[in-house]
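Worksheet: the structure to be examined is printed underneath.
The values are calculated or read from the model by the stated rules, or taken from the named source; none is laboratory data. Predicted, not measured: the structure shown is a model, and the values here were computed from it. Cβ: placed from backbone, ideal geometry, glycine included. Neighbour counts: every protein chain shown. The area values use the complete protein model at the heavy-atom level, side chains included, leaving out ligands, DNA and RNA. Shrake-Rupley method; radii C 1.70, N 1.55, O 1.52, S 1.80 Å.
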Amino acid sequence: MLAQQQTPEEKYVKDAFMSYYKNRSFSVPEVHQREFGFGGWERKIEFRHIKIGTNQELSAKLAVEAPFYISYSVSYYQFPDARPMPKKAWLGADLVFDLDAKTHECGKFTCERCLQEVKREALRLIEDFLVADFGLSKKEMVVNFSGSRGYHVHVISNEVKRLDREARREIADYVAGVGVSFERLFWKEGKKLFGPNFSSGGYGEKFAKAFCSKLNEDAFALFFSRKLKLNEEKERLIGYIQKGEWGGVGVVGFERKLEEKFKQMLPELSVNIDANVTADITKLIRMPESLHGGSGLAAKKVSQLDSFDPLKDAVVFRGGEAKIRMSETVPAFQLDDQTFGPFEAGETALLPQSAAIFLLCKKAAVLA
Amino acid sequence: MNQEWQKAMLEYINKTMHFQGMADLLFCSHYPFSAQAKEYVTQKGLQLSTEIIEKAEKRVADAIVLGKIRKVAQLPEAQEEELAIYAASRMIVSACANRYIMNRYCIAEAKRAGEYLASDSSAHPEYIGQVASEFGIKFESTKEGVLVPVVDYLVFSPRSYDYKLSNRRLKAGKVLISSHEKIRILEEAIRKRMESSLPVKAQFPQEVAEAARRIVKLMPKIEISATKVDQKNYPPCIKKLLEDLALNINVPHTGRVALAIYLSSIGMKPEQIIDIFRSAPDFSEKVTRYQVEYISSKKYAMPSCSTMDGYGLCVAECGCGNPLRYKDEIHGARLRRLEKRD
Ligand code: SF4
Ligand SMILES: [Zn+2]
């Protein structure tokens, strides 16, 4: 393979990455059973099927090569470097969830609002699903910023390790609310409608609780019946729902209206994950604590998610300034408690190293 | 011949043993795959005879032809004999060296055990717990039903829409199921155990080999009608699914659904599609008809390549985005070029 000519931008970022990886030690659980993949300036994964024997070896390799992207398999293999896949001899896999900010006008310059939103989703995934429903302990979870627009949650435990693809797909579908059906959660006895209550578990419980708290919104209550404007009537309905007797308060067309709201509310009850990442045991995922070549931010491990601020806590380059010229229009963005931009295409600016690298990595600027 | 047989038998029994205490012969005869039953067989050093092999051949034949194994009388001698017949059946099945026969036999054995689980639920309720502990599954009874740990549920529940986790009552790591579902889950666990413990690797006596030859002849002759259809434009993933079915390899539920959607999207009639599934070891006309007709009537969208990949069904990188968009002249040609380059 011929080494391509490095651009000055690539070289500048590479040097910075070198300084990050120098003298840093990494500790990947069961490193010798993982398949590694490395990416360059142009592509997130250029090489894969790589085996690394020990964490020392890994740290040394990174110090020398400082790749722009580092990812490893969620799976454990007996022969991580064997090809094709079946020859690797699968031993199990972590259970992984990938959350990304939804597409928004901020595009590749992910804004704070988007990052806030995806953080809330991650918190819901952990609290309402992994802990409350699946009974997992937070001790078995590693949460990290993806380095770009979202979060990864790795569940590392012997219990989940043995789950096959189909079982993982079931988990992914559950979390994403795929296949949740009104007819399965509600049923009729005679003419009376029965359904879940506050302790049913699963989506039934989630819906029952959300429904009752939404009754406080007048528009929501009125959608069902005018009489639900009255507090006593609301209380009466909630009392019935606690017993699972949804048909308790006679409301005309209640079932049809309920089904309509159920479908509307389902996206709020589930979590927007990339289900394929959870189900696909051949996937490589960003190594926690490595740098993301598309932002220059670190895929930081997070211990306190609610107080984590990626635009500050994942910033690693704080060495001086750099002068860059924008190659496209750049919206205002935040980094390290400072706001930069907006910039016009062609405009030059002297920016702190982190902000300069951020734009160089996004290919939105060149060195000036 | 007896010696030869005993040696073979001991060889495989010794592989998976950890049991102390008195064997309960009734339990063993109902659940001959259990550690307790294996222990009993080892201790007693059960003998193989021409008669046992004949009965075993009948058991396997029933499994292949009828899809079920008959239950036996409750006399102690019959129970003990049942264990020997079971062991001999496994040898015959192994000697067939045919995946269809192996899978279909395991399904029938699991069904048989399931019937016993159902009747033992009232007659010998302690048996159910003993079978569950064979698989390390901890069921808990509550007044609302039975609780099962979600991982066990995911590993052992039948892959059908009725068991879709999204609609289940999941809380604190446990799924609420009915007592009927509990038995279905155990049945599935038994099937998986049986499948992974076959084939038995040993030298088989002449009579076993002869029985096996007769069993192989019982296999249904299936014409894969899909092979008659022009397959040129089938994408690799669909070809693979068809091949697996033709080779009697058990195709997972998701694969079957994807295949049915694909075939119905290209205009194949439900009747033809059902015929294709006929070679599956667990083929049931009723269930398949229902599912295929349902899929055809619903006009389901074909899953995209990335979804197929997530299910482990994608076998090549065609670059077509969706299997339905696959064109041999374009994607197939590209794949063949890539192959050459490798
Ligand atoms: S790329 Fe698409 S069409 Fe090709 S094998 Fe994979 S799923 Fe099938
Ligand atoms: Zn945004």
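Tabulated data for the structure shown
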read-out	value
With all protein chains modelled, accessible area of B:His180 [1.4 Å, Å²]	120
Interface A:B - total buried accessible surface [probe 1.4 Å, Å², rounded to 100]	2600
Rh (Kirkwood; distinct C-alpha pairs) - chain A, Å	23.3
Accessible surface, per residue, of the protein assembly as shown when the full set of protein chains is kept, probe 1.4 Å, Å²	47
With eigenvalues of the C-alpha gyration tensor scaled by 5 and rooted, the protein assembly as shown, Å	51, 35, 26
Ordering of A:158-167, A:20-29 by burial proxy (mean other Cβ atoms within 10 Å per residue, highest first)	A:158-167, A:20-29
Relative contact order of chain B, pairs being alpha-carbon contacts under 8 Å that are 6 or more residues apart, as %	17
Within-10-Å neighbourhood charge of A:Ala275 [Cβ basis; K, R +1; D, E -1]	-2
Cut-off under 5 Å, modelled amide H: who pairs with A:Ile50 long-range	A:Phe36
Most positive-pole-ward Cα, A:Ala167, A:Gly341, A:Ile285, against dipole of chain A from beta carbon charges	A:Ala167
Of B:Tyr290, A:Cys212, B:Gly136, farthest towards positive along the dipole that unit charges on Lys, Arg, Asp, Glu beta carbons give the protein assembly as shown	B:Tyr290
Entries in A:Lys206/B:Lys171; A:Lys161/B:Lys174; A:Lys243/B:Lys171; A:Lys119/A:Lys312; A:Lys102/A:Lys301 that, when Cα-Cα distance is taken, lie over 20 Å	A:Lys102/A:Lys301
Accessible heavy-atom area order of B:Val287, B:Val155, highest first, probe of 1.4 Å	B:Val287, B:Val155
Cleavage-rule hits (trypsin sites (Lys or Arg not before Pro)) in region B:136-219: DSSP loop, at most 14 neighbouring Cβ within 10 angstrom	B:Lys138, B:Lys143, B:Lys201
Cα centroid of region B:293-342 to Cα centroid of region A:304-339, whole Å	41
A:Glu255/B:Ala35 FRET efficiency (R0 51 Å; Cβ-Cβ; nearest 0.05)	0.50
Computed magnitude of the charge dipole of region B:226-341 (debye, nearest 20; Cβ of K, R +1, Cβ of D, E -1)	340
B:Val200 accessible area, assembled protein chains, probe 1.4 Å, Å²	10
Over region A:321-367, relative contact order from alpha-carbon pairs under 8 Å, at least 6 apart, %	50
Amide H contacts under 5 Å for A:Ile285, placed H, 5+ residues apart	A:Tyr72, A:Ser73, A:Val74
For q = 0.10, 0.17, 0.18 Å⁻¹, Debye-computed log10 I/I(0) when each Cα of region A:1-103 counts as one equal scatterer	-0.34, -0.90, -0.98
Cα shape, region A:145-256, gyration tensor, a/c 1.5 rule	prolate
Whole-Hz ³J(HN,Hα) from phi, Karplus 6.51 cos²θ - 1.76 cosθ + 1.60, for region A:321-332, glycine and proline x	10, 8, 9, 10, 10, 5, 9, 7, 5, 10, x, 4
Dimensionless Rg/Rh of region A:233-323 - Kirkwood Rh, Rg from C-alpha atoms	1.28
Heavy-atom accessible surface of region A:321-367: percent carbon and sulfur, 1.4 Å	45
Neighbour cut-off at most 13 other Cβ (10 Å), DSSP loop, GluC sites (Glu not before Pro), region A:37-136	A:Glu42, A:Glu105
Accessible surface of region A:182-269 [probe 1.4 Å, protein heavy atoms]: carbon and sulfur percent	51
Cysteines in chain A that, by Cβ-Cβ distance, have no pairing candidate under 4.7 Å	A:Cys114, A:Cys212, A:Cys361
Rg over Rh [alpha-carbon atoms, Kirkwood Rh] for region A:321-367	0.90
Chain A: relative contact order in percent, alpha carbon pairs under 8 Å with at least 6 residues between	18
Debye log10 I(q)/I(0) at q = 0.10 Å⁻¹ for chain B, Cα point scatterers	-0.71
Area accessible to solvent at A:Glu217, 1.4 Å probe radius, in Å²	100
Charge dipole of the protein assembly as shown about the Cα centre (unit charges at C-beta), most positive-ward option of A:Val64, A:Leu297, B:Leu324	B:Leu324
For region A:263-368, Kirkwood radius (reciprocal of mean inverse C-alpha pair distance, Å)	16.0
Average beta carbon contacts from partner chains per residue of A:274-283, 10 Å cutoff	3
Virtual spin-label span in nm between B:Gln203 and A:Arg162, 7 Å along Cα→Cβ	3.5
Karplus (6.51, -1.76, 1.60) ³J(HN,Hα), θ = phi - 60°, over region A:258-269, in Hz, Gly and Pro reported as x	4, 4, 4, 5, 4, 5, 5, 7, 3, x, 6, 7
Cα centre as origin, Lys/Arg/Asp/Glu Cβ charges: the protein assembly as shown dipole, Debye	1040
Partner chain coverage, peptide A:167-173 - average Cβ within 10 angstrom	6
FRET efficiency estimate (nearest 0.05) - Cβ-Cβ, A:Arg318 to B:His124, R0 60 angstrom	0.25
